[in-house]
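Participant: Pasting a structure below so you can have a look.
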Amino acid sequence: MPSFSQMERARSFLQSPTYGNLVTVLSIDGGGIRGIIPGTILSFLESELQKLDGEDARLADYFDVITGTSTGGLVTAMLTTPDENNRPLFSAKDINAFYLEHCPKIFPQGSAPLIGEAVDMVKNLTGPKYDGKYLHNIVKEKLGDKRLNDTLTNVIIPTFDIKRLQPTIFSSYEAKKKSCVDALLSDICIATSAAPTYLPAHHFETKTSTGETREFHLIDGGVAANNPALVAINEVTKEIHQGNSDFNFSTRPTEYGRFLVVSLGTGSAKCEEKYHANDVAKWGLLAWLTSGGSCPLIDVFTQASSDMVDFHLATVFQALNCEKSYLRIQDDTLEKTVSSVDIATKENLDNLVKVGENLLKKPVSRVNMDTGAFEPAHQSTNEEALVRIAGILSRERKVRETQSPHGKAVTNKSN
């Protein structure tokens, strides 16, 4: 089996798409503790790449863009932040270990369920459910002084600026052009994870190259783009039109198949665990914010965002005869407790690992916009689809290294 030697580590960066056939995008939804589900999927994909290219292979070596919202933004940073050897700080298999260790401290649970629910309701009315201190500390400890422009491949992390009432997209592409966007990765991750009613909004400042201050007043990017796949494709398309030298081709519809998109959801509740019109019709503001121990208003925003992006991309890729270039993996059959974003008991976290493992064995599915349910779209399983994707990614990387005029591979992030 081939492996990355010490000398080959210098060649481990992904070549520009100019020297290959594809633009590769990995997208990870938001969903709090349910980040364990895509964490399980990513571990499998990376293990398949290691079978092909050696045990030191990492996802950042294969994707031109990794994008994530909320918990997906944290996973994105973990996969792309460099360590002291200029390799990813976390391997994919480390993600779940991180979640299993730290989620109970990020989302501490009350001891008595009934009392806990009452306390949670009061907290939701008077402030965020959690103070966020542990999350802030652990993110700052792990990511240190690394900034957006330090990542090993391009990253795109959506947030929402509550002062400007508009999305703020932290993009590696923009960070190259605007120093004010080149924020600390820790600040970006804290901001994109700041789900309303759960965690406090995050304020920080950056300096421009001329010394001017830029303020950010941010909350969870999930209120605008819980599924950030389309945001990533838009950022790449914009770069192509602006003449970025990483892309020497147009984005005519006939070339949309150049995109290879892997989009990972974090699961949602099964139909009977969701909300019913007869109940919702009676709700006031309090119920919309606290019903069932969660925040239905946030659930509605994030679920709608995720499914609409999936529906759009699935339709476009199918219409352009490149359906196999888009893989969406999502589970809409979660039981009530497992579908929570913050019930961080050991039992529930372990169950989320099992959800991810079971999801690998399920058939590739697509959302039915008439019913809202995910329905099998292929005979192949998600596991089989990921094996196929791993083969494509490995071949694409080798093609780029062969066709590059440089003596060795260089990062696809422009200096």
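The values are calculated or read from the model by the stated rules, or taken from the named source; none is laboratory data. Given the structure is predicted, the values throughout are model-derived calculations rather than measurements. Here the Cβ is made from the backbone with ideal geometry for all residues, glycine too, and neighbour counts use every protein chain on show. Remember, those area values only see protein heavy atoms, side chains included, never the ligands or the DNA or RNA. Shrake-Rupley method; radii C 1.70, N 1.55, O 1.52, S 1.80 Å.
Participant: If a/c stays under 1.5 just call it rounded; otherwise compare a/b with b/c (prolate if a/b is bigger, oblate if not). Do that for the range 188-267, with a ≥ b ≥ c from the square roots of the Cα gyration tensor eigenvalues. Before the final figure, lay out the partial values.
Facilitator: Details: a/c = 3.92, a/b = 1.41, b/c = 2.78.
It comes out oblate by the Cα gyration axes.
Participant: Still on this structure, I have one more. Which GluC sites (Glu not before Pro) in the range 296-359 sit in a loop by DSSP (not H, G, I, E or B) and have at most 14 other Cβ atoms within 10 Å of their own Cβ?
Facilitator: Details: sites: GLU323, GLU335, GLU347, GLU357; in loops: GLU335.
Filter output for the range 296-359: GLU335.
Participant: Next question, about the same structure. Quick one: plug the Kirkwood hydrodynamic radius of the range 280-383 (C-alpha pairs) into Stokes-Einstein at 25 °C, 0.890 mPa s, and report D in µm²/s. Let's see the in-between values first.
Facilitator: Details: Rh = 15.7 Å.
Rounded, D is 156 µm²/s.
Participant: Let me ask another. Between the range 217-239 and the range 365-387, what is the C-alpha centre distance in whole Å?
Facilitator: 23 Å
Participant: When the chain is treated as a GNM, springs tying every alpha-carbon pair under 10 Å, which of THR371, THR71, THR337 comes out with the largest mean-square fluctuation?
Facilitator: THR371
Participant: Considering the options SER70, TYR130, VAL155, tell which one lies farthest towards the positive end of the dipole of the chain, charges being +1 on Lys and Arg and -1 on Asp and Glu at the Cβ, about the Cα centre.
Facilitator: VAL155
Participant: Given only helices, namely DSSP H runs of n ≥ 4 each adding -39500 (n - 2.57), what is the per-residue ellipticity at 222 nm of the chain, to the nearest 500 deg cm²/dmol?
Facilitator: Working: 14 runs with 170 residues, N = 415.
Taking each H run of at least 4 residues, the total per residue is -13000 deg cm²/dmol.
Participant: About its Cα centre, what dipole magnitude does the range 33-89 give when the only charges are +1 on Lys and Arg Cβ and -1 on Asp and Glu Cβ, stated in debye to the nearest 20? Mind showing how you got there, number by number?
Facilitator: Numbers: 4 positive and 9 negative charges, 63 e Å.
Charge dipole, the range 33-89, about its Cα centre: 300 debye, nearest 20.
Participant: Separation of the range 76-99 and the range 300-338 by C-alpha centroid, Å?
Facilitator: 26 Å
Participant: Please report the relative contact order for the chain, taking Cα pairs under 8 Å with a sequence separation of at least 6, and give it as a percent rounded to a whole number. Don't jump to the answer; show the numbers that get you there.
Facilitator: Numbers: 811 pairs, mean separation 103.7, N = 415.
It rounds to 25 percent for the chain.
Participant: Taking the DSSP beta bridges in the chain as the whole, what percent of them are antiparallel, to the nearest 5? Before the final figure, lay out each step's value.
Facilitator: On the way: 21 of 39 bridges.
Percent antiparallel among DSSP bridges in the chain is about 55.
Participant: Taking the alpha-carbon set of the chain, what are its Rg and Dmax in Å?
Facilitator: 20.7, 67
Participant: With the Cα gyration tensor of the range 47-202 giving a ≥ b ≥ c as the square roots of its eigenvalues, does the rule (a/c under 1.5 for rounded; else a/b larger than b/c for prolate; else oblate) give rounded, prolate or oblate?
Facilitator: oblate
Participant: Let me ask something else about it. Between ILE343, CYS322, VAL364, whose Cα lies farthest towards the positive end of the dipole of the range 252-402 when Lys and Arg beta carbons carry +1 and Asp and Glu beta carbons carry -1, centred on the Cα centre?
Facilitator: Of the candidates, CYS322 comes out farthest on the positive side.
Participant: Also, quick follow-up: Rounded if a/c is under 1.5, else prolate if a/b beats b/c, else oblate: with a ≥ b ≥ c from the C-alpha gyration tensor eigenvalues square-rooted, which is the range 164-313? All intermediate terms of the calculation are to be shown ahead of the outcome.
Facilitator: Working: a/c = 3.17, a/b = 1.38, b/c = 2.29.
Oblate.
Participant: Which net charge results when you count Lys and Arg as +1 and Asp and Glu as -1 among the other residues whose beta-carbon is under 12 Å from that of GLN50? The partial results should precede the final answer.
Facilitator: Values: positive: LYS51, ARG58, LYS93; negative: GLU46, GLU48, ASP53, GLU55, ASP56, ASP61.
Computed value for this residue: -3.
Participant: Right, another one. Roughly to the nearest percent, how much of the accessible area of the chain is carbon and sulfur, given a 1.4 Å probe?
Facilitator: Values: 9720 of 17990 Å².
The C+S portion of the solvent-accessible surface of the chain is 54 percent.
Participant: Distance check, please: which entries in LYS177/LYS207; LYS238/LYS398; LYS178/LYS238; LYS51/LYS398 exceed 18 angstrom between their Cα atoms? Could the numbers behind the result be given before it?
Facilitator: Numbers: LYS177/LYS207 13 Å; LYS238/LYS398 26 Å; LYS178/LYS238 15 Å; LYS51/LYS398 15 Å.
The answer is LYS238/LYS398.
Participant: Compute, for the chain, the length of the dipole vector about the Cα centre, with Cβ point charges of +1 (Lys, Arg) and -1 (Asp, Glu) only. Units Debye, rounded to 20. Let's see the in-between values first.
Facilitator: On the way: 43 positive and 51 negative charges, 148 e Å.
The dipole of the chain has a size of about 720 debye.
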